[in-house]
1. Anything over 28 Å Cα to Cα? Flag those among Lys73/Lys473; Lys320/Lys344; Lys132/Lys485; Lys320/Lys420; Lys10/Lys320, in the order listed.
2. Taking region 266-456 as the region of interest, what is the percent of Cα-Cα pairs per 10 angstrom bin, listed from the shortest bin to the one with the maximum distance?
3. Which order results if Trp375, Trp162 are arranged by neighbouring Cβ count within 10 Å, fewest first?
4. For Lys483, go through the aspartates and glutamates and keep the ones whose alpha-carbon is under 17 Å away, minus same-chain ones fewer than eight residues off.
5. Based on Cα coordinates alone, diagonalise the gyration tensor for region 330-435, multiply each eigenvalue by 5, take square roots, and list the semi-axes in whole Å, largest first.
6. Give me the Kirkwood hydrodynamic radius of region 159-310 in Å, from all C-alpha pairs, to one decimal place?
7. So how far, in whole Å, is the C-alpha centre of region 437-492 from the one of region 1-70?
8. Given the -39500 (n - 2.57) contribution per DSSP H run of 4+ residues, what per-residue ellipticity at 222 nm results for the chain, rounded to the nearest 500 deg cm²/dmol?
Amino acid sequence: MNIEDILAGKPVEGLPTGHFVNGRLIPSNGGEMMESFDPGRGVAFAEFSNGTASDVDEAVESARAAFQTTWRKTPAAERAQILNKAAQLIRANAEQLAIVESLDCGKPLNEAQGDVRGAARAFEYYAGACDKLQGDTFPLPDGYLGYSTYEPVGVTAHIIPWNFPISTTARSLAPALAAGCTVVAKPAEQTPFTALLLAQLLSEAGLPQGVCNVITGTGANVGAPLVAHPDVDQVTFTGSVVTGQNVMRSAADNVTRVVLELGGKSPVVVLKDCNYERALDGVLGAIFENAGQVCSAGSRLVIERAIHDRFVEDLCSRTKAMSIGHGLRDPQFGPVNSPLQLEKISGFVDRARERGADILTGGAVTTDPETGQGWFYEPTIVGDCARDDELVQEEIFGPVLTVQIADDVEHALSLANDSKYGLVAGIYTQDVSNALSMARDIDAGQIFINEYFAGGIEVPFGGNKLSGFGREKGLEGVKSYCKIKSVAARID
Ligand code: ADP
């Protein structure tokens, strides 16, 4: 794939069309196609299938058959070999995967490359977990034996969002496959391609047919019937709170297990004794990676008054200096994913402006300076926000950072916790007591100390409060796809 050709509007070669079911690409039963857009130019670049409920039925049937006849009986060490091979193939195809991801999402190429490396790591990590899923023994009285085993949950559905398509697909599929589950994945309709490419690579790595299926299309056409399917045993959903609530309601009918990774409004607490440069880098990356379209974005800066003026001034000048452009030109800052997203973001900022907000930098829709095209929103910082302001309380899912000023550590903690979300939080301080006591007292699923987004696939990830429940990544992630069976036997 040649980036210059793609930017010149030439057709993108090698993109799969159709669904991936039972080990091969097949056309959709309904025959309806949708367009996928390049956010950096705001034009369609390829078509894919908008699936139907009958496509979902076929995929679930194929996953069920593969579960019963093949995958759950495949020795753990063999599963591990296949997942390891998949990791190798992802690495071997990293360039193509990153280009497609950047094009489909809009994100800068180096971020997409990082996501692809992360996807390979997820398969490698969970390859190592396949043969370590061991149960317990229980101290029953003489004459009894008690033990437990881990069994795969069965057929699992994976609903994937558009902001991190390949990394969310990988972090969700790899542990499910490691546990012995079979999968039906539904990528977001904005970004369907890397999930299909991944399914093809898994097949090439030796995954038996039917173990991994991908159906593309809208939430209404494909997501809803998949989640409501009576033969799906578990749903892992990553997306918005409202859709997550719908998924949970619909899963309730069949008492289907759910893991929900929803929104966030995560604080980055910067105390006066922080490592200044590190905090500055951290705060910028926390909000402007993927143009702020990150569920765990650090979208609220909570900063101690003593360093506020200088820090915010430096933050604004660094923000203004960021290069903006098409993702494939690898700028520091790319477009947002869709016009709908652009409208949501500008709605938030425009309403704040009407309320008299202090917009320190950014605050407007823009385009790629090189072409005048694309769906861009300027990186934006809004100064000294009240704790109950809409900008502080609601997830914007865009490049908008709010600033809240704290008088001291206790005040910072109270501002950090004043949210209906509880996904992650960042803390910048060189005082170990402050760092660790805040890590203890902030209500969030994951805390980053002195490096926002520190850690990788090894570290469990998931939210509290409206951010959802269940944990992905880490060994917790693979346990999500297991059922514990306890056995108690009388043996005398
Ligand atoms: P956004 O509003 O940002 O597009 P969503 O949470 O609606 O985020 O989308 C996340 C994923 O959920 C996408 O793959 C989308 O197609 C899917 N989805 C949307 N509605 C439903 C639904 N009712 N049931 C299952 N999946 C859905």
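Every read-out reported here was derived from the displayed coordinates using simple, explicitly stated rules and does not represent laboratory data. Since this is a predicted model, take the numbers as computed values, not measurements. So basically every Cβ, Gly included, is an ideal-geometry build from the backbone, and we count neighbours across all protein chains shown.
1. Lys320/Lys420; Lys10/Lys320, as the Cα separations exceed 28 Å there.
2. Going out from 0 Å in 10 Å bins, region 266-456 shows 10, 40, 36, 13, 2, 0 percent.
3. Least crowded to most crowded, the residues run Trp162, Trp375.
4. Asp131, Asp136, Glu151, Asp231, Asp233, Glu472
5. Equivalent-ellipsoid dimensions as semi-axes: 29, 16, 13 Å.
6. 17.4
7. 32
8. -12000 deg cm²/dmol
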